[in-house]
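Asks: Have a look at this one before I ask anything.
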Amino acid sequence: MRITILQGAFLPVPALRGGAIEKAWEALGQCFGDAGHSVTHISRLCDGLPENEQIGTVQHVRVKGFDSVKNSLFLKFLEIFYVLRVKKVLPQADILVTHAFWAPLLLNKEKFGKIYVHVGRYPKGQLKFYKKASRFQVPTKAILRAVQNEIPDRAKAISVLPYPINWRVEKSTSYFDRPSTLLFLGRIHPEKGVLELIKAFKKIPLNIRNGWKLNIRGPWRFEQGGGGESYLSQVKDEAKDCGSTIEIFEPTFSITEIKASLEKAKLFVYPSFAEKGETFGLAVLEAMSCGCVPIVSSLECFEDLVTDQKNGYVVDHRSNNVVQRLARKLEEAMQGSEKNSVYSIECITRGKEYEVERLSRKYIKDFQVLLD
């Protein structure tokens, strides 16, 4: 099977600047290639990467793109030029996987392959115009409901296939042997609830948080999806009177470093407020696969992964006093070592369901259904 994966205009592959979608399809593409399929992966040309490169079993082609901007309409305008450039280098294929906004409108399915639209964000009315699309693939049931509402007449064209973990899930360090660390690993942005997390941590009585640390790590620059320097300053100001109890680190996009951080934390806290921004929670899944017990907000997208009091903790982020609620939930989790040790094992078991080799076979099966 000839498979083309077309990423958007703003991030490269390999995922040197992060990006859950880029990480997921990078891992899936390698699995497709390892299984004997011909895979071409197209992404943004930047960061000193070559225009053409063979990585493992995948041929990478890179096209000039753009830095991300805050204005979403201008973002869409810029991507038109990227897709038109891509059109000149696209190979003939059987399947064209893409999440680029304009690709299903501007590309020919007869020449470039059945158009397999990855819906990695909540749709905003565009799907009804994607008449050429053969499949709409969504990562969670929450996004499935949103897509069904937008294109109810195309329900049979929708598949629910989640993001994979691109490492093998193995038995991890025992919960009791881990450092007493709370970890936030994600974009440092207002919609992620980072300020609220620090405020909640500070509200916990000293006798309970004694010996615990809160580590915060992630991209903060606008072009990497962060809240910018001013928001980072707010975060640092809120944390400064706690000394080394709260540490804020520069981002890492190294899979090895991310995995090591997760294996050295007891609790993973992700109190996102992004009702229409979160679509899956890959960071949460990665944490769970390493035996790190999650504390998440009550966003719909996390329902597929975290069940309160079974494999983690869920906080109602829509309440009037979210900081107080989060503080109480953190306090409960920090004192729940016995049940957390059980949750940790449950998390690892859950994570194994999302290993990339296992999921890649489901994607290939879905591709084959379209071709048959």
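The values are calculated or read from the model by the stated rules, or taken from the named source; none is laboratory data. These figures come from a predicted structure and were not determined experimentally. Note that we place each Cβ from the backbone using ideal geometry, even for glycine, and neighbour counts take in every protein chain shown.
Asks: Is it true that R221 is surrounded by fewer than 18 Cβ atoms within 10 Å (Cβ to Cβ) and over 28 Å from E353 (Cβ atoms)?
Replies: Details: surrounded by fewer than 18 Cβ atoms within 10 Å (Cβ to Cβ): yes; over 28 Å from E353 (Cβ atoms): yes.
Here the answer is yes, as R221 does meet what is asked.
Asks: Right, S272: over 26 Å from R318 (Cβ atoms) and either in the same structural domain as C292 (by TED's automatic domain parsing) or surrounded by 14 or more Cβ atoms within 10 Å (Cβ to Cβ) (or both) or not? Break it down stepwise before answering.
Replies: Values: over 26 Å from R318 (Cβ atoms): no; either in the same structural domain as C292 (by TED's automatic domain parsing) or surrounded by 14 or more Cβ atoms within 10 Å (Cβ to Cβ) (or both): yes.
So S272 does not fit the description; no.
Asks: Examine region 30-38 for a residue that is over 17 Å from the mean Cα position of the chain (by Cα), in a strand (DSSP E or B) and not assigned by TED's automatic domain parsing to the domain that holds L282, and state whether such a residue exists. Can you show your working first?
Replies: Residues of region 30-38 that are over 17 Å from the mean Cα position of the chain (by Cα), as a first pass: 30-38.
Next cut, in a strand (DSSP E or B) only: 38.
Remaining after also requiring not assigned by TED's automatic domain parsing to the domain that holds L282: 38.
Checked region 30-38: at least one residue is over 17 Å from the mean Cα position of the chain (by Cα), in a strand (DSSP E or B) and not assigned by TED's automatic domain parsing to the domain that holds L282.
Asks: Among the candidates K114, K131, which residue alone is modelled with pLDDT of 95 or more, crowded, with 18+ Cβ neighbours inside 10 Å and either farther than 30 Å from C347 by Cβ or assigned by TED's automatic domain parsing to the domain that holds L282 (or both)? Explain how you work it out, then say what you get.
Replies: Working: K131 fails: crowded, with 18+ Cβ neighbours inside 10 Å.
After applying the criteria, what remains is K114.
Asks: Shifting gears a bit: Across region 118-142, what is the total count of residues that are part of a strand (DSSP E or B) and more than 16 Å from D153 (Cβ to Cβ)? It would help to see each step written out before you state the result.
Replies: In the first step, residues of region 118-142 are kept if they are part of a strand (DSSP E or B); the result is 118, 133-138.
Now restrict to residues that are more than 16 Å from D153 (Cβ to Cβ): 118, 137-138.
Qualifying residue count for the region: 3.
Asks: In the set T140, T98, which member is crowded, with 16+ Cβ neighbours inside 10 Å, β-branched (V, I, T), modelled with pLDDT under 95 and under 21 Å from the mean Cα position of the chain (by Cα)? Spell out how you get there, then give the answer.
Replies: On the way: T98 fails: modelled with pLDDT under 95.
Of the residues listed, the single one that is crowded, with 16+ Cβ neighbours inside 10 Å, β-branched (V, I, T), modelled with pLDDT under 95 and under 21 Å from the mean Cα position of the chain (by Cα) is T140.
Asks: OK, next. Pairs only if they're at least six apart or on different chains, beta carbon under 8 angstrom, first in region 163-178 and more than 26 Å from G211 (Cβ to Cβ), second acidic (D, E); list them, first residue then second.
Replies: Filtered contacts from region 163-178: P164/E355; I165/E286; I165/E355; N166/E26; R168/E355; V169/E355.
Asks: Now a separate question. Please work out which one of (1) outside any loop (DSSP other than H, G, I, E, B); (2) within 30 Å of G125 (Cβ to Cβ) is the condition Q59 fails and give its number.
Replies: (2)
Asks: While we're here: From the set of residues in region 166-218 that are aromatic (F, W, Y) and crowded, with 22+ Cβ neighbours inside 10 Å, which is nearest to K352 (Cα to Cα)? Step through it out loud before you land on a result.
Replies: So in region 166-218, the residues aromatic (F, W, Y) come out as 167, 175-176, 184, 201, 212.
Subsequent filtering for residues that are crowded, with 22+ Cβ neighbours inside 10 Å retains 184, 201.
Details: F184: 22, F201: 31 Å.
Here the residue is F184.
Asks: Taking only pairs six or more apart or across chains, which ones have beta-carbon atoms under 8 Å, a first residue in region 145-160 that is part of a helix (DSSP H, G or I), and a second residue that is surrounded by 11 or more Cβ atoms within 10 Å (Cβ to Cβ) and aromatic (F, W, Y)?
Replies: Note: pairs meeting the criteria are A146/Y122; V147/F136; R154/F136; A157/F136.
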